1. Report the residue count in the stretch 271-307 for those that are more than 15 Å from Ala249 (Cβ to Cβ) and loosely packed, with under 13 Cβ neighbours inside 10 Å.
2. Quick check: is even one residue across the stretch 415-436 over 24 Å from the mean Cα position of the chain (by Cα), farther than 22 Å from Thr350 by Cβ, modelled with pLDDT of 95 or more and of a type in the set (Val, Ile, Thr)?
3. Which ones in the stretch 1-37 are acidic (Asp, Glu), within 22 Å of Lys51 (Cβ to Cβ) and not in a loop (DSSP other than H, G, I, E, B)?
4. Find all pairs meeting these conditions: Cβ atoms under 7 angstrom apart; at least six residues apart or on different chains; first residue within the stretch 350-369 and outside the structural domain of Tyr237 (by TED's automatic domain parsing); second residue surrounded by 15 or more Cβ atoms within 10 Å (Cβ to Cβ) and among the basic types (Lys, Arg).
5. Tell me whether the stretch 304-312 contains one or more residues that are within 22 Å of the chain's Cα centre (by Cα) and of a type in the set (A, V, I, L, M).
6. Could you list, in sequence order, the residues of the stretch 31-55 that are touching a residue at least 40 places away in the same chain (Cβ under 8 Å) and not basic (Lys, Arg)?
7. Taking the options Glu293, Glu240, Glu283, Glu313, name whichever one is among the acidic types (Asp, Glu) and farther than 26 Å from Asn187 by Cβ.
8. Provide a single number: the residues in the stretch 86-99 that are within 14 Å of Arg42 (Cα to Cα) and either in a helix (DSSP H, G or I) or modelled with pLDDT under 75 (or both).
Amino acid sequence: MEKLDVVVSDAATSPMLIGFIKPKIVMPNVKMDRADYEMAIRHEWIHYRQKDAWFKLLAVWINSVHWFNPFSYMALANLSEACEYAVDEKITERMKAVEKKRYSEMILQFAANASPALNNHLVDHKKLLIRRFRLIMRKNSGSGKAFSGILLAILIGAAAVFTSSVVFAEAPKPLTEYSGGIKTYYNTAQTLEQNVQSTLGIPSPTEKNRVMVKWRNLYIDKEGRKIDYFNRTEPYYKVELKWQEKGSAIASMTNKTMSIGGQTVTIAFGDKAVAYKDDPVIEKLIGNQITFEMNYQTTDSRFMYDHKAFMNELIKRGAYVIEEVVAPQQFTYEFSQTNAGGQVGAKPLTAYDKVEVQTPIFKGSVLLPKQPDDSDGSKGLQIGNSFVLKPGETAAIDLKETTDKTPTISLAILDETTGEMAHWNPAAASGYRFIFTPGQNGVNHTYKIVASGEQQDTVNIEIFTYQTKSETAK
């Protein structure tokens with residue numbers, strides 16, 4: 001076997017072959033079983049021997065020349081897929097079913113650990129993984145056939161779990177205040193200077209109480225857009241940000257500058273965000289917000305002001321501060337207490353939200369009636385059957401998809417045993433999981449879920465119970 005240098009990188013999430021003249025195999029800095037390590041190295045070495053990188057480079061060049069031809073894009077995608085099939089076939093041609101299982105599980109493990117944005121040699125999207133597993137397990141004889149069929153079903157199921165994403169609504173819309181745009185608060189009852197001082201946190205000798213201008217629990221998508229009622233895409237990060245007087249921000253934080261729309265913007269990163277200083281999604285967030293705010297104009301004649309002048313002062317005198325960035329696997333519930341001593345929580349749905357379902361209540365699409373004007377939450381459609389919450393059980397409601405017609409719904413949990421409202425969310429947002437754990441006096445009671453929409457409309461929802469883990473309010 002020809003020798004190739006092998007390097008380890010913290011930035012790599014999957015083995016990969018890089019370089020053309022002096023290629024190297026890059027391995028992720030993770031603990032690996034020796035057998036998995038050897039298979040991964042052999043996988044990349046075969047790519048090198050087949051000169052796959054050169055073929056792909058040629059395909060990319062052809063695609064760039066024939067950018068107007070849709071078939072060139074199909075050819076590029078098919079070439080990459082064919083390279084993986086060829087490598088899989090060479091590695092597994094003399095393998096037994098158990099060894100193929102090991103190899104397939106290694107591919108799946110890298111797919112589970114990779115960032116959704118990555119698509120490296122061993123990390124491919126779900127459909128390609130399933131096709132690869134089918135081909136890997138296809139050639140078997142004798143009693144191994146039954147084993148391979150069972151194994152294939154397991155691997156395909158695992159691929160669907162580990163590489164799936166939550167289903168959200170449609171593609172991003174044009175950036176607006178209510179569809180992905182982020183706008184800094186401005187109090188039209190105060191002067192421009194008062195707003196600038198308040199936003200930058202400059203103390204005032206005349207104002208005892210000031211509104212704190214700060215974004216907490218701001219969820220953004222991979223394009224750096226705010227997730228909201230009309231931008232119902234999958235959350236990529238949760239961020240906490242604010243503006244701060246430039247001198248104090250530069251002195252106490254890691255900072256850099258960005259040129260946005262002809263403006264030089266100072267960006268400061270807190271301790272919980274400094275690792276994302278050069279993250280492309282965070283840079284998109286900053287660019288999107290500054291560009292949107294510099295062009296923002298209110299359409300309400302009652303609250304007219306010059307937002308561009310406001311932003312110019314913030315950029316000149318302040319720093320855009322990112323205090324914290326949280327990845328989706330670390331998203332936590334926002335908890336609150338009910339009047340009866342129970343606990344409710346909410347968090348955005350992500351591919352990491354897996355629970356062991358105790359009792360399925362409902363799953364699918366349902367046509368909700370329009371919410372009555374005098375609704376107190378108890379009026380609407382019951383979704384699924386009534387259910388009992390036993391000790392240690394929690395009810396979960398996954399609001400998976402709504403539409404622009406009714407982006408939020410009224411969602412109520414009624415205690416049928418007492419006839420009282422256990423909890424009511426009059427504006428439950430799409431893409432969220434809502435949970436309810438009864439207090440001591442609500443255990444073993446019968447509950448039902450009642451919902452209605454802003455208009456009569458269809459929503460996709462799942463309701464189930466699960467065994468409560470040791471979750472505490474945060």
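The values are calculated or read from the model by the stated rules, or taken from the named source; none is laboratory data. Note that this is a predicted model, so its numbers are computed, not measured. Cβ: placed from backbone, ideal geometry, glycine included. Neighbour counts: every protein chain shown.
1. 11
2. yes
3. Selection gives Asp5 alone.
4. Asp353/Arg433
5. no
6. Of everything in the stretch 31-55, those that are touching a residue at least 40 places away in the same chain (Cβ under 8 Å) and not basic (Lys, Arg) turn out to be Ala35, Asp36, Met39, Ala40, His43, Glu44, Trp45, Ile46, His47, Tyr48.
7. Glu283
8. Counting residues in the stretch 86-99 that are within 14 Å of Arg42 (Cα to Cα) and either in a helix (DSSP H, G or I) or modelled with pLDDT under 75 (or both) gives 7.
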